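Contents: one structure, followed by commentary.
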Amino acid sequence: MTNTVWRQGEIIEVEISDLSDAGDGVGRFEQRVVFVTDTVPGDRILVRLLHVKPKYAHGTLKQILTPSPHRIRPSCIVADKCGGCQWQHIDDDYQLTAKQNQVIQALERIGSFANPPVDPVLVADSSLAYRNKVTYPLGISPTGQVQAGYYQKGSHQLINLNQCPVQDSRLNPLLAEVKLDIQKRGWSIYDETRHQGSIRYLGLRIGRRTGEMLLTLVVKDKNLTGIETQAQEWLHRYPQLMGVCLNRNSDRTNVIFGNETVCIAGIPHLREKFADIEFQVRPETFFQVYTETAEALLQVIQSELNFQGNEILVDAYCGIGTLTLPLAKQSRQVIGLEVQSAAVEQAIFNAQHNGINNVTFQVGLVEKNLPNLGSIPDVVLLDPPRKGCEANVIKSLLSLKPSRIVYVSCKVATLSRDLKLLCEHGLYKLTRVQPADFFPQTAHVESAAFLVREQ
């Protein structure tokens, strides 16, 4: 083939050789890179070119000429359309290999680590039916039916779902039936283009260990006639449903939850057991969506730290204390830092409820609170958002010089960037990176990196 076919709309033949961080297959055509969704390394395919640039293009799969040995039949009938998963067509073992490679490549390319010590990816028992929380946008079909699901890949076209193979299967009846109840009530569905209508999202949560559930409607306004009656009907129909809540988000935004949540019926939280600790989880609480894998990663952290009971630990970005409280049971003193006051309120409750008295929590930005602790911690645990640590957090760590740092990350690019800053002057050494599969069937990978201060 010649360069004349390198233009939008043309069909070319490509062999997929890798996966991108976003989950797309990566192939090469005459020294140019082609990104193609729904493909697997080993696939030989025909691709229709889209969004063509001089050195790369994005394409859409036209035909599979020779399938990869790692290609499987998806568990979901709309997997090729729904944007909720990217990798249902890839076998589980290869997903784990790809995620380990993703971590290694980022640490080498961004972090400048030669031969980084990356373990095989940690995984719990199942790659399906694992999600303890789902939030579905709502829409209206062309025939006027209320729909709930995920958006089609690369669009805002809603793919209607009555069940989802990656969510806890106990939530499937609610997904299918609550839409019908909304339809019967005649409640309006939010239209993002006109900023009109009421119900924006259906949120469902479940305690994997307790089976307790929460149902939350995210609304532009709370004018839902008969909501109190309907909420009581839902509590009666679903015995494990603890509460029905309304979260008000009147902003023109793609942020899901607003700042105001009210409980319409029942109680505004469920109980979940994690690492032998009972947590209270509310509709908007951050809690890892794969309970079992999160617990397995905690066990790795506990084993690696091997606390003797006299350590001082700082848990930065501590949330409701998911990691703080189990580690507090093994150490002398723990300080949790968290910017969200509502999360700290829950963390304090969870500590008191479980009789854990050696932990204190501070509300505020980590970059402001970390330099003013009043004591030098033995260990600092970092679990920042996807953007990673602020520059002043790294600066404070290099000043405090804790003996060990554990960095838990949901984005390997920012993890690699921050680890490079911590290690580049020889103060810390990267001794281990443990990836964990918190999101099977997607390209996302969580990691825990362990740093030891050089003597």
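The values are calculated or read from the model by the stated rules, or taken from the named source; none is laboratory data. All of these numbers come straight from a predicted model, not from anything done at the bench. Neighbour counts are summed over all protein chains in view; Cβ atoms, including those assigned to glycine, are modelled from backbone coordinates with ideal geometry. When the accessible area is computed, the model is the full protein with side chains, heavy atoms only, and any ligands, DNA or RNA have been set aside. Shrake-Rupley method; radii C 1.70, N 1.55, O 1.52, S 1.80 Å.
DSSP loop GluC sites (Glu not before Pro) in the range 11-64 with at most 14 other Cβ atoms within 10 Å of their Cβ, which ones?
GLU30
If both residues of a DSSP beta bridge must be in the chain, then about 65% of such bridges are antiparallel. Pairs from the list LYS133/LYS420; LYS153/LYS395; LYS99/LYS387; LYS62/LYS179; LYS62/LYS387 with a Cα-Cα gap above 30 Å: LYS133/LYS420; LYS153/LYS395; LYS62/LYS179; LYS62/LYS387. Surface calculation, 1.4 Å probe, protein heavy atoms: SER188 sits at approximately 60 Å² accessible.
Once you order the gyration tensor axes a ≥ b ≥ c over the Cα atoms, which shape class does the range 268-352 get: rounded for a/c under 1.5, otherwise prolate or oblate by comparing a/b with b/c? Oblate shape, in that a/c is at least 1.5 and b/c is the bigger or equal ratio.
For the range 1-122, the per residue solvent-accessible surface stands at 52 Å², with DNA, RNA and ligands left out and a 1.4 Å probe.
Counting Lys +1, Arg +1, Asp -1, Glu -1, what net charge surrounds ALA114 among other residues with beta carbon under 15 Å of its beta carbon? Write out the running numbers ahead of the final one.
On the way: positive: ARG109, LYS420, LYS429; negative: GLU108, GLU424.
Neighbour charge sum, excluding ALA114 itself: +1.
Based on C-alpha pairs under 8 angstrom that are at least 6 apart in sequence, the chain has a relative contact order of 12 percent.
If you take the Cα centroid of the range 125-149 and the Cα centroid of the range 289-317, the two points sit 33 Å apart. Judged by the gyration tensor of its Cα atoms, with axes a ≥ b ≥ c, the range 295-420 is rounded; a/c sits under the 1.5 cut. Charged neighbours of THR39, selected by a Cβ distance under 9 Å, balance to -2 (K, R count +1; D, E count -1).
DSSP bridge analysis restricted to the range 265-379 gives an antiparallel fraction near 30%, rounded to the nearest 5.
Counting only protein heavy atoms, what percent of the accessible surface of the chain is carbon or sulfur at a 1.4 Å probe?
Numbers: 9850 of 20460 Å².
After summing per-atom areas, the C and S share lands at 48 percent.
Using a cutoff of 8 angstrom between alpha carbon atoms and counting only pairs six or more residues apart, the relative contact order for the range 197-327 works out to 20 percent. Run lengths n ≥ 4 of DSSP H only: what is the helix-derived mean residue ellipticity at 222 nm for the chain, with -39500 (n - 2.57) per run over all residues, to the nearest 500? -7000 deg cm²/dmol, from helical runs alone.
What percent does the relative contact order of the range 143-195 come to when contacts are Cα pairs within less than 8 Å and at least six residues apart? Computed value for the range 143-195: 30 percent relative contact order.
Can you tally the net charge around ALA328? Count Lys and Arg as +1, Asp and Glu as -1, for every other residue whose Cβ sits under 14 Å from the Cβ of ALA328. Display every interim value, and only then the final one.
Values: positive: LYS329, ARG332; negative: ASP276, GLU311, ASP315, ASP378.
Local net charge: -2.
3J(HN,Hα) couplings calculated from phi for the range 46-57 with the Karplus curve 6.51 cos²θ - 1.76 cosθ + 1.60 (θ = phi - 60°) are, in sequence order, 9, 10, 8, 6, 9, 6, 7, 10, x, 10, 8, 8 Hz; Gly and Pro show x.
Take 190-196, 346-352 and order them by the average number of nearby Cβ atoms within 10 Å per residue, most first; the result is 346-352, 190-196. When each of the peptides 286-299, 355-368 is scored by the mean number of other C-beta atoms lying within 10 Å of its residues, the order from highest to lowest reads 286-299, 355-368. Where (1) 32, 28, 23; (2) 32, 25, 23; (3) 36, 34, 19 are the candidate values, the label of the one calculated here for semi-axes √(5λ) of the Cα gyration tensor in Å is (3).
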